[in-house]
Amino acid sequence: MSLRYFRPREPLLKWSLPTTKGGAIGGLVSLIGVCLLVAAGVLDRVVVPERVSSYVAEVANALGVAGMGMVAGGGGLVVVALIAHLLLPDSWRLRWYARKRLFAFRFGNPLRFKDGEQLPHLSVSRDEGGYWLTVSAISSTPEELVNAQNALSAGMHGSLRDFAVTQIDSDVAGKWVCFRFENVRRDRAISVHSLGDLGTGDVTKLRVQEGLEIDLTSSGSMLAVGVTRSGKTSGVLALLLQIASHGPDAWGSRVVIVDPKMAELSRVSHTVTLDEDGTARSILRTMWDIEELTKKRQSALNEESESSGSPVKWWDLGMHPTVLFIDEFVALRTLFPTRTLKDDGGYNLSEFDASLRRLMTMGASAGVFVIVSIAQASVENIPSMLRRAFSTKFLFRPTLDEARLVWDSSRFESMPQRIYGPGDAWFTSEDGVHDNVTFAHFPVFAPGFGEYRVLGELLTAYEENRRDGP
């Protein structure tokens, strides 16, 4: 690999595509050929003494032949360059556009190179959803490379004009930085007209958008954060519909919704709400029931593992996910007495937090998951121990200030700012794939679909067919 060095003054086309250079050379050759043809025509018509007319005719003929050849050759080179440009892979285009934007001095020198400094190496790889541009940190720090994301996005044009940086990653040693390019104008949201639009065919996978799924085999409990009309509830409903559509398993799986405010979700069949006296005792009892179910499922897995001599996971045994969805979590916590009394039967805030913590920390291995929904301003009201237990987090209609309540700022500082609408979210999952904050758009329910009605029907059928265990 040849080394390149930065020069403030350089040829205009130095960082242009090879096809552009070829087309420019072809055009220049054709232009010179035209000039020769014009010169030949002038010589043919000029009046000269008879003694030199033969020489002038020979010169004019030579110029004409040379001109024709140059016009033909230059035109052919332009055509070849044009065809090659049209057939050029977008991954090549992206690399050259990035080089031009970063290295050409006339574009502002975003990496602040000095004369004679070695230029970094760029490489591009492609996957299903976009491209990864890897830039080595030779003369620039990783922080300086990260700050060049806007310049890189602005440098995309032609077939890549709708592509922009959506995610940034770097290695621990600081030797390179990767920029994720995606088509930001392409709508990857799933439009739900029927349950079939949501299904993946796999009980362990939950679709979020085209090309993005939550893998329950490698993730745990989930936290959904968002203000009113952020699309938070609709996003969670899309996940619950997928889980409930598979029906119960033979190991007592459940799908439970808790709505302490007795709002829209309370009208869904089998939703657990407050007791008639306004307390949340039935909600706490339901959580204890799910704890007992978790123990039974884990016991069955342990017995199967002992029998087979190797670890058996919940999906290996044909178990379906058990999900407890708690809406308006902070409001629910306020209903429990903070003081522990001797004869309260465990009905206190301490027991509620402890039960939830046990489900979140020990449930995933038995296929039991908790989904907690809260408003943005309430994140700080979640006990820190519970907050750390969420392995999957969604922030709907995100802002930087809100994101700081959910993640460490280093995980999202490189996320480009946009205007977000309902259903737009930042997303992480500690599954080894989505560890960095990325953008997601949750499914959109078509008018007339009736997601609350459909979920109620699914839960009714679910409970009718549910068994406590084999």
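Any read-out appearing in this document is the output of simple, stated calculations on the displayed coordinates, not a laboratory observation. Computed from a prediction, not measured in an experiment: that's the story for all the values here. Quick reminder, even Gly has a Cβ in these numbers, built from the backbone with ideal geometry, and neighbours come from all protein chains shown.
Which of the three applies to region 191-468, rounded, prolate or oblate, going by the alpha-carbon gyration tensor with a ≥ b ≥ c and a/c under 1.5 meaning rounded? Taking the square roots of the gyration eigenvalues as a ≥ b ≥ c, region 191-468 is rounded. Between Phe105 and Ser159, the simple label model (points 7 Å from Cα in the Cβ direction) yields a spacing of 3.3 nm. When a/c is below 1.5 the answer is rounded, else prolate if a/b is larger than b/c, else oblate, so apply that to region 214-371 with a ≥ b ≥ c taken from the square roots of the Cα gyration tensor eigenvalues. Note, shape of region 214-371 comes out oblate. For the pair Glu292 and Asp343, a Förster radius of 25 Å applied to the C-beta separation gives a FRET efficiency near 0.65, rounded to the nearest 0.05.
For region 432-470, the set of trypsin sites (Lys or Arg not before Pro) satisfying both a DSSP loop assignment and a count of at most 11 other C-beta atoms within 10 Å is given as Arg467. The distance from the alpha carbon centre of region 395-470 to that of region 247-281 is 20 Å, rounded to a whole number. When the inverse distances between all different Cα atoms of region 90-183 are averaged and flipped, the Kirkwood radius reads 13.2 angstrom.
With a simple spin-label model that places each label point 7 Å from the Cα along the Cα-to-Cβ direction, the separation between Thr228 and Arg387 comes to 2.5 nm.
Computing Cα extents along the principal axes in Å directly from the structure and comparing it against (i) 129, 49, 45; (ii) 92, 86, 36; (iii) 69, 50, 46 singles out (i). Against the chain, whose longest principal axis comes from its Cα atoms, helix 349-362 is set at around 50 degrees. For region 1-47, the list of trypsin sites (Lys or Arg not before Pro) that fall in a loop by DSSP and count at most 15 other C-beta atoms within 10 angstrom reads Arg4, Arg9, Lys14. For Asp202 and Val80, FRET efficiency with R0 = 60 Å and r from the beta-carbon atoms, rounded to 0.05? It comes out at approximately 0.80. Subtracting the Cα-Cα distance of Val46 and Ala461 from their residue separation scaled by 0.36 nm leaves 139.5 nm. A Cβ-based charge dipole, computed about the Cα centre of region 163-220 with Lys and Arg at +1 and Asp and Glu at -1, lands at about 180 debye.
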